[in-house]
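**Q** Encoded as structure tokens, here's the structure I'll be asking about.
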Amino acid sequence: MNHTSFGKKYSMFFDQVMVNKPISSVVAQMISYDLIFNKPQLLKQNNFFAIADQKKVFKRFSTPWDGIESGVQKIIQDPNFVAFKVGTLKANPIKQVQKIRFILGLST
């Protein structure tokens with residue numbers, strides 16, 4: 001599955017959760033794809049943001065919406081989210097993706 005097919009399949013979930021959130025729906029889908037790529041067990045757990053707790057355990061969510069909401073809240077609560085002014089970049093998805101990838105340790 002690539003970014004495009006992932007987006008088509010799951011965009012409904014992201015579009016609904018991201019209403020009134022400081023992260024673009026498209027950005028959330030891109031980050032989600034990066035986090036769960038080749039990890040089908042995370043999709044089965046509805047863990048679309050694949051952010052483990054301190055014990056490196058991934059939580060199982062009852063619905064995809066819950067999994068997306070949980071990941072979004074963890075990103076928004078990160079101190080760097082405010083420091084990097086990520087919420088103000090909603091109109092610039094490329095920069096927003098870069099900043100969130102950095103926050104999550106996905107940047108190289």
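**Q** Quick one: how many residues across the range 31-45 are over 19 Å from PHE102 (Cβ atoms) and buried (at least 19 other Cβ atoms within 10 Å of the Cβ)?
**A** Count: 1.
**Q** Would it be correct to say that GLY67 is out of contact with any helix residue (DSSP H, G or I) (no Cβ under 8 Å at 6 or more places or on another chain) and either open to solvent by 40 Å² or more (accessible area, probe 1.4 Å) or of a type outside the set (A, V, I, L, M, F, W, C) (or both)?
**A** So GLY67 fits the description; yes.
**Q** State whether one or more residues within the range 67-74 are farther than 18 Å from PHE13 by Cβ, β-branched (Val, Ile, Thr), within 15 Å of the chain's Cα centre (by Cα) and part of a helix (DSSP H, G or I).
**A** no
**Q** Here is a follow-up. For VAL19, are the conditions met, namely being open to solvent by 80 Å² or more (accessible area, probe 1.4 Å) and within 19 Å of SER107 (Cα to Cα)?
**A** When the stated conditions are applied, VAL19 does not pass them.
**Q** I would also like to ask the following. Could you tell me whether the range 54-65 includes any residue that is small (Gly, Ala, Ser) and at pLDDT below 95?
**A** Among the residues of the range 54-65, not one is small (Gly, Ala, Ser) and at pLDDT below 95, which makes the answer no.
**Q** Only one of ILE100, ILE51 is open to solvent by less than 80 Å² (accessible area, probe 1.4 Å), more than 14 Å from GLN29 (Cα to Cα) and touching a helix residue (DSSP H, G or I) at 6+ places or on another chain (Cβ under 9 Å). Can you tell me which?
**A** Being open to solvent by less than 80 Å² (accessible area, probe 1.4 Å), more than 14 Å from GLN29 (Cα to Cα) and touching a helix residue (DSSP H, G or I) at 6+ places or on another chain (Cβ under 9 Å) holds for just one of ILE100, ILE51, which is ILE51.
The values are calculated or read from the model by the stated rules, or taken from the named source; none is laboratory data. Everything quoted here is computed from the prediction, not taken from an experiment. Every residue, glycine as well, gets a Cβ built from its backbone with ideal geometry; the counts of neighbours run over all protein chains shown. These area figures cover heavy atoms from the full protein model, side chains too; ligands, DNA and RNA do not enter into them. Shrake-Rupley method; radii C 1.70, N 1.55, O 1.52, S 1.80 Å.
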